[in-house]
1. Report, by residue number, each residue of segment 272-288 that is assigned to a helix (DSSP H, G or I) and in contact with a helix residue (DSSP H, G or I) (Cβ under 6 Å, 6 or more places away or on another chain).
2. What are the pairs with Cβ atoms under 8 angstrom where one residue, in segment 179-204, is closer than 14 Å to residue 153 by Cα and the other, located anywhere, is basic (Lys, Arg) and not in a helix (DSSP H, G or I)? Sequence gap at least six, or different chains.
3. Among the residues that make up segment 104-116, is at least one of them modelled with pLDDT of 95 or more, more than 15 Å from the ligand (Cβ to nearest atom) and farther than 17 Å from residue 170 by Cβ?
4. Could you please find all residues in segment 317-338 being farther than 26 Å from residue 420 by Cβ and within 17 Å of the chain's Cα centre (by Cα)?
5. Would you check if residue 247 is modelled with pLDDT of 95 or more, more than 22 Å from residue 330 (Cα to Cα), aliphatic (A, V, I, L, M) and under 14 Å from the mean Cα position of the chain (by Cα)?
6. Restricting attention to segment 69-79, does a residue exist that is assigned to a loop (DSSP other than H, G, I, E, B), of a type in the set (S, T, N, Q) and in contact with a helix residue (DSSP H, G or I) (Cβ under 8 Å, 6 or more places away or on another chain)?
7. Going through segment 154-178 one residue at a time, which ones are among the basic types (Lys, Arg) and in contact (Cβ under 8 Å) with a residue 60 or more places away in the chain?
8. Considering only residues that are of a type in the set (D, E, K, R), surrounded by fewer than 18 Cβ atoms within 10 Å (Cβ to Cβ) and within 14 Å of the ligand (Cβ to nearest atom), which ones fall in segment 288-303?
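The values are calculated or read from the model by the stated rules, or taken from the named source; none is laboratory data. Nothing here was measured: the structure is a model prediction, and the numbers come from that model. Every residue, glycine as well, gets a Cβ built from its backbone with ideal geometry; the counts of neighbours run over all protein chains shown.
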Amino acid sequence: MANVAVIGAQWGDEGKGKIVDWLAERADMVVRFQGGHNAGHTLVVGENVYKLSLLPSGIVRGTPSVIGNGVVLDPWALKAEIERLAEQGVHASPETLRVADNCPLILPIHRDLDGLREDASGAGKIGTTRRGIGPAYEDKVGRRAIRVCDLAHLDDLGSQLDRLCAHHDALRAGFGEPPVDRERLLADLREIAAFVLPFAKPVWRDLNEARTGGKRILFEGAQGVLLDIDHGTYPFVTSSNTIAGAAAGGSGLGPSGVGFVLGIAKAYTTRVGSGPFPTELEDETGQRLGERGHEFGTVTGRKRRCGWFDSVLVRQSAAVGGITGIALTKIDVLDGFDEVKICVGYKLGDETLDYYPTHAADQAKVVPVYETMEGWQESTAGARSWADLPAQAIKYIRRIEELIRCPVALVSTSPEREDTILVRDPFAD
Ligand code: IMP
């Protein structure tokens with residue numbers, strides 16, 4: 001099976017963009033299967049930096065790209081991103097980009113609701129990207145969503161729109177907001193429909209055809225396993241399944257079509273938004289990691305919280321995420337530390353745990369148990385083979401591999417795609 005799924009093994013922002021770009025060059029098709037424009041993938045190609053939120057990374061190199069039904073699609077964000085890329089000389093056309101016609105839409109009312117809830121939540125804030133992701137998924141499972149295919153039938157929306165608006169009007173009233181302006185919503189949809197519809201297709205057909213034809217499909221996950229709606233740090237999670245299993249349901253290809261699952265993990269840990277983070281460092285070391293790693297969100301510009309590598313969490317991600325091999329990124333950020341620490345377990349009261357407990361209160365209470373290793377003073381930035389790495393850095397990577405019980409398939413040593421140590425080629429499996 002020559003297909004590959006790339007997923008984040010931590011709380012997102014693991015550096016998936018570079019790895020996906022590297023794999024996308026050799027793929028015949030790149031598919032997004034969950035999330036929406038809450039994602040932020042940065043691709044560095046030569047002198048150019050591309051920032052993608054909704055579009056699959058294949059688009060930059062002209063690889064046919066698909067937005068699957070598991071994604072929630074803001075059609076205005078799609079248009080803006082396509083236009084922004086066009087200014088950088090990258091042109092998405094219906095030949096290179098296909099959008100699943102059963103994809104639910106993110107509407108302005110979803111963005112409104114996301115913001116209203118966050119503003120009203122005080123300390124219980126999730127810290128969402130405020131892009132309407134959660135409310136759009138709620139309407140999808142509530143069977144009220146307007147989908148891409150509906151854009152071709154706007155005059156027939158009738159009772160579907162009534163149900164959607166009745167639901168939102170009640171919620172909006174609770175926040176003292178006026179009811180949904182239906183005429184405006186319909187007019188906006190009418191306007192954007194002309195832009196979106198040329199891209200709309202039953203993409204499951206293309207995918208199944210590609211698979212039968214022996215093509216290589218790359219599934220591009222967004223966020224990370226610890227933000228998964230089921231397996232993440234609930235309720236401080238996103239509203240979709242971010243595990244590799246979601247690639248099947250979110251695209252229309254069966255589970256046997258997913259193939260090698262490459263989990264991306266940073267050599268330390270970051271998190272943006274609220275929620276528990278056992279190895280978080282709110283001291284100079286955390287600050288140093290943030291500065292060296294340029295840890296600011298691609299989408300919201302928020303400062304990311306930083307901490308040591310947590311092998312308990314990544315081991316758990318590898319298990320529930322179905323990860324075959326890990327890509328370890330940003331090892332160079334750890335250069336110059338006298339010592340580096342890895343979390344190898346937790347203390348919860350008198351108990352020692354080798355897994356992350358499920359309840360939010362326990363998740364917030366656990367105290368990490370660390371193993372300390374000698375650091376390295378040499379630079380690992382730009383290393384392209386094991387021979388370029390200092391012995392201590394190799395020891396650190398090997399120890400991580402052992403603790404997470406999953407092999408390291410590649411190591412990334414800078415944002416440049418060539419600065420990669422390849423141990424096992426996911427496409428060759
Ligand atoms: P939402 O996906 O906008 O609903 O946000 C829910 C949580 O997921 C928040 O903590 C966000 O910061 C986090 N989140 C969503 N997308 C990303 C991402 O691409 N990288 C990192 N965190 C994300």
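1. Once the filter is applied, which keeps residues that are assigned to a helix (DSSP H, G or I) and in contact with a helix residue (DSSP H, G or I) (Cβ under 6 Å, 6 or more places away or on another chain), segment 272-288 yields nothing.
2. As it stands, the answer is 200/98, since those pairs meet every condition given.
3. Looking through segment 104-116, at least one residue is modelled with pLDDT of 95 or more, more than 15 Å from the ligand (Cβ to nearest atom) and farther than 17 Å from residue 170 by Cβ.
4. Residue satisfying the conditions is 320 alone.
5. In short, yes.
6. Within segment 69-79, the first condition is being assigned to a loop (DSSP other than H, G, I, E, B), and the residues that meet it are 69-70, 72, 74.
Filter again for of a type in the set (S, T, N, Q), leaving 69.
From what's left, in contact with a helix residue (DSSP H, G or I) (Cβ under 8 Å, 6 or more places away or on another chain): 69.
Scanning segment 69-79 turns up at least one residue that is assigned to a loop (DSSP other than H, G, I, E, B), of a type in the set (S, T, N, Q) and in contact with a helix residue (DSSP H, G or I) (Cβ under 8 Å, 6 or more places away or on another chain).
7. Within segment 154-178, the first condition is being among the basic types (Lys, Arg), and the residues that meet it are 163, 172.
Of everything in segment 154-178, just one residue is among the basic types (Lys, Arg) and in contact (Cβ under 8 Å) with a residue 60 or more places away in the chain, namely 172.
8. Residues of segment 288-303 of a type in the set (D, E, K, R): 288, 291-292, 295, 302-303.
Still in the list and also surrounded by fewer than 18 Cβ atoms within 10 Å (Cβ to Cβ): 288, 291-292, 302-303.
Scanning segment 288-303 gives 302, 303.
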